[in-house]
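First, the structure itself, so that you have it in front of you.
Values in this text are rule-based calculations from the coordinates and carry no lab data. What you see is a predicted model, and the numbers here were worked out from it, not measured in a lab. Ideal geometry is used to build each Cβ from the backbone, glycine not excepted, and the neighbour counts take in all protein chains shown.
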Amino acid sequence: MQVWSVGIEGYRSVRRLRFPLRRLNVFIGENGVGKTNLYRGLQLVQAAASGTLTRELAAEGGMESALWAGPRKKNERARIKLRAELGAMGADYAYTAETGLVQQYEVGVGLRMPTGAGFLLEPQIKTESLAFVGGRRPVTMLERRGPHGFARDEEGKRHDLDEDLLPSETALGSLNHPGQFPDLHLVRAAMLGWRFYHAFRTDPASPLRHPCLAVTTPTLSSDASDLAAVFATLTHIREDTVDLDETVADAFPGARLIVPEPGQTASFGMTYAEFPNRVFGAAELSDGTLRFLALAGALLGYRLPPLVALNEPETSLHPDLLPPLGRLIARAAERTQVWVVTHSQILADTLESAAGVRPRRVYKRTGETLIDGITTLGEVDDEDE
C-alpha cells in the first residue's frame, strides 16, 4: 500500500490542509514556512499506529506548543486532526471504485476535559476512525468517540473497545491482534513500515563512523546506525551493487565504495582517484560524504520501505552533490513511494528533470502554511492534473 493523501488540521502553522500524494512528492519552500510541519504531520500518523502519538506531542512541548497558534472561530475546539488515506501501490490514482478499496484513518487529539482523568495539559485522543471506501458503501472498521467505540473483526462483527483503553492511547496502536482484527493490523503494519530520515549524525561518536553488528539488514534504520550492514547485505548477500556503484561514481568521480567481508562486525570505506590503494574508513570521511552515503543506504537498500520520507536531505552537502542526490531519489521512486521536503532549488530542479515531477511550493500567508496549487480541501489545479 502507498499513501494516497494526507490531511493535517490544527497543528502548529497548519490550520487545515489536505493534499494528494504521488509516487514521488517534492515540497520546496523557504525556511520557516512550515515544510517540516507537513513532514512531522505524517510522522505523527505513524506514531498513532505505534501507540506513541500523545507522548510525541508531549515531547514537542505539549498541546500548548503543538496546537495551531492562529485565531479560531468562536466555539471552535482546540484540536489536532491527522488523516491518511492508503491504497494500492501505483504511479497515479483517482478516487474511483475501479481503483479498489481505500483505507481512511483519522485521529483527533485535544486537551483533557476539566472533570476528566489525566494530567492537566497532556494530549488526549478524542476521536479515531478507520473506514474502507471504494466499494458499494463505506465500511467502518474502527470508530471512537472519547472512551467509547468499537472495532470490527474479520467477519464484520462489532466489538466494544476495551474500557481499559486510556485517553492517551490510540485504539489503532492498542488493538494489536492480527488474528481478530486483520484489517486493522494490515493498516497498522503499513504505517509502521514507513521510514523517516533526517539529520544523520556525523560527529566523531556517530554510529555511522563505527562498525556495526554483521546482521543481514535489508532496510536502513531511521538513524542509519546499521549503514555498514546495509552495504554488506547488498555486497555479500544480494551480490548486486550496480546501482550503489553507479551512485557513488556519479557523486564522487573516480571513487569506489569498499565493503570488506564482514566478521562479527560490518564496516565500509572509500578509495579515491588520487589514492586508489588507500582505503579511507568511515571515521575519516567528511561529514558531507558520510551523509550522502547514508542517503544512498536509505534509498538503495535490498528492501525499501513502503514510504521513504526525507526532510531537507541537502543539509551539509556540497552543491555539486545535489544533482547526484536528485538522480538517486528519482531512481528510488521507481521502487517505492518517496516524500522530499527541501529548500534547495537545485535539488527540486534535478528531480523535476529526472522524474518529471513538478515540485510543490510551500508558503505561508498570515501565519498559515499553504501549498501552491492545492486548496485546503485537497483540490488540485488543472495544470497539475
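Cα centroids of the range 1-65 and the range 267-320: how far apart, whole angstrom?
27 Å
Now a separate question. If you place +1 on the Cβ of every Lys and Arg, -1 on the Cβ of every Asp and Glu, and leave all else neutral, what size is the dipole of the chain about its Cα centre, to the nearest 20 Debye?
1160 debye
Between helix 322-332 and the chain, what is the angle of the helix's C-alpha long axis to the longest principal axis, kept within 0 to 90° and rounded to the nearest 10?
60 degrees
Counting just the Cα atoms, what span does the chain cover along each of its three principal axes? Round to the nearest Å and put the largest first.
Cα extents, longest axis first: 70, 46, 46 Å.
Next question, about the same structure. With only Lys, Arg, Asp and Glu charged, each at its Cβ (+1 for the first two, -1 for the last two), find how big the charge dipole of the range 211-346 is about the Cα centre; round to the nearest 20 debye.
Roughly 180 debye, rounded to the nearest 20.
In addition: Beyond 23 Å, what percent of the Cα pairs of the range 200-304 remain?
In whole percent, the share of Cα-Cα pairs in the range 200-304 beyond 23 Å is 15.
Still on this structure, I have one more. How far, in degrees from 0 to 90, does helix 287-299 lean away from the longest principal axis of the Cα atoms of the chain, to the nearest 10?
Rounded to the nearest ten degrees, it is 60.
Further, regarding this structure: Using every pair of alpha-carbon atoms in the range 300-378, split the distances into 5 Å bins beginning at 0 and state the percent of pairs per bin, rounded to integers.
Spelled out bin by bin, the range 300-378 gives 3, 14, 22, 23, 18, 12, 6, 2, 0 percent.
Can you give the Kirkwood hydrodynamic radius for the range 189-257, in Å, rounded to one decimal and based on Cα pairs?
It works out to 13.5 Å.
For the range 262-354, what ratio Rg/Rh do Cα atoms give with a Kirkwood hydrodynamic radius?
Taking Rh as the inverse mean 1/r over Cα pairs, Rg/Rh reads 1.00.
Right, something else. Of the options GLY356, PRO313, THR369, report the single residue whose Cα projects farthest towards the positive end of the charge dipole of the range 279-385 (beta-carbon charges: Lys, Arg +1; Asp, Glu -1).
Going by the Cα projections, it comes out as PRO313.
Right, something else. Can you give the angle from 0 to 90° between the axis of helix 242-251 and the longest principal axis of the chain, with both taken from C-alpha atoms, to the nearest 10?
80 degrees
Quick one: net charge around THR369, please, counting Lys, Arg +1 and Asp, Glu -1 for every other residue with C-beta under 9 Å from its C-beta.
Combined, the nearby Lys, Arg, Asp and Glu give +4.
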